[in-house]
Amino acid sequence: MRMVRVPGGIFYNGDCISGASDIADNSVDLIITDPPYGIEGDKLHRHYNRDESFVTDGYVEIPADRYGTFSMDWILEAERILRPGGSIYIVSGYTNLIHILNALYHTGLEEINHIIWKYNFGVFTSRKYVSSHYHILFYAKPGGKRTFNTECRISLTEKDEQGGSLNYQDREDVWIINREYKPGRVKNKNELPFALLSRIIQYSSDEGDLVCDLFLGGFSTARAAIGLSRRVIGFEISSAMFDARIDEMKDIVPGSLLDQIRTPLMPGKKLTRKPWTAKEIDLLRNRYIELSGTDKSEKEINLILQVEFNRGYWSIEKTLKQTSIKTQRG
Ligand SMILES: C[S@@+](CC[C@H](N)C(=O)[O-])C[C@H]1O[C@@H](n2cnc3c(N)ncnc32)[C@H](O)[C@@H]1O
């Protein structure tokens, strides 16, 4: 299998299922991947209303009747190479979602979120609703500490004009992110936007971590990850797709995209320091009781309360103790 090294990355032109055997068990921090959709992706231009003359040819599709075994094979490899605590994000359309979910169900990976990505350029239909979303399945390998950088983009104290928490909004599981429109530039049919990739990379990895993409396509994940100072390993089976992008990858300077991402505003807005009113204490108490009935840890509950009440960790803890609800729970 042809292998090319670039600053920050190692790329293989070949099948990811056999090729992943070169990657050690438990060695990858984050997998972001977008497998072929099994819907004749190599003929998608028949449905989309856009100029395909700049789209790279060579996309390798999986026949629908092989999609189940194919998904099982690569997802088992993904599980093997992921470190305990490592995260995996799989982008999937609706048609073969069942096969991806079924394969995930047969692994030890645990579901963290099922994200809906709403995008533009949906498939045009006249007698039913236009399909304009994908599923992003966020799972993690148990047995280690999972990286989730809660305040990597927006601090817990940043608010919108109505006083709503921007951090909360950024971490909701419906993402409205448009595909990038690149008229006149070479592109892959399904390139993922940088806004989507940088969000995943920022929340679920740290600089220097190893990110893997088993289905590189137009190398969008690799480009974003190297640009954000992560290391990357990836596979693309199509020689045409690989050759179209590999030279460009050699020129990407690690860290060169760090100035393009959202980071917390410094200094963030101040937390409320006003004394708690009786009404607020009552609301806090009720909300704590409600959250205690879920499977959330004390730390997660405190985090939610910080966002909702615009108070710091200790302010929440102290007030809960005053209401005596915290000691009652244990
Ligand atoms: C949906 S596209 C990936 C798009 C990519 N995320 C991007 O932003 O450009 C899926 C890619 O997987 C490739 N592929 C299909 N089967 C493969 C396999 N067994 N191993 C590696 N790549 C494969 C296809 O050629 C295609 O380029």
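Just so it is clear, none of the values below were taken in a lab; they were calculated from the coordinates. Owing to the predicted nature of the structure, the values given are computational and were not obtained by experimental measurement. Note that we place each Cβ from the backbone using ideal geometry, even for glycine, and neighbour counts take in every protein chain shown.
Data overview
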item	result
Cα-based helix-to-principal-axis angle, 239-250 vs the chain, degrees rounded to 10	60 degrees
Cα gyration tensor shape for the range 278-329, rounded if a/c is under 1.5, else prolate or oblate	rounded
Over 19 Å between alpha carbons, listed pairs 145/318; 159/318; 279/318; 159/274; 159/321	145/318; 159/318; 159/321
Helix-derived mean residue ellipticity, 222 nm - over the chain, DSSP H n ≥ 4, -39500 (n - 2.57), to 500	-9500 deg cm²/dmol
Trypsin sites (Lys or Arg not before Pro) lying in DSSP loop within the range 87-142, provided at most 12 other Cβ fall within 10 Å	127, 128
For the chain: relative contact order, % (alpha-carbon pairs under 8 angstrom, 6 or more apart)	21 percent
Additional length obtainable on full extension of the chain from residue 101 to residue 173, 0.36 nm per residue less Cα span	24.2 nm
In nm, spacing of pseudo-spin labels at residue 2 and residue 123 (7 Å Cα→C-beta vector)	3.2 nm
In degrees, nearest ten, helix 278-292 long axis to first principal axis of the chain (Cα)	50 degrees
Local electrostatic count at residue 204 - Lys and Arg +1, Asp and Glu -1, tallied over other residues with Cβ under 10 Å	-1
Loop-located trypsin sites (Lys or Arg not before Pro) in the range 203-284, at most 15 other Cβ atoms within 10 Å (DSSP)	262, 269, 270, 273
Between the range 207-257 and the range 1-26, the Cα center-to-center distance that results, in Å	11 Å
Neighbour count of at most 11 Cβ within 10 Å plus DSSP loop: longest chymotrypsin sites (Phe, Trp or Tyr not before Pro)-free window in the chain	182-330
Computed E for residue 66/residue 243 - FRET, C-beta separation, R0 25 angstrom, nearest 0.05	0.45
Angle in degrees between helix 313-322 and the longest Cα principal axis of the chain, rounded to the nearest 10	40 degrees
Alpha-carbon centroid distance for the pair the range 285-319 / the range 92-167, whole angstrom	24 Å
Cα shape, the chain, gyration tensor, a/c 1.5 rule	prolate
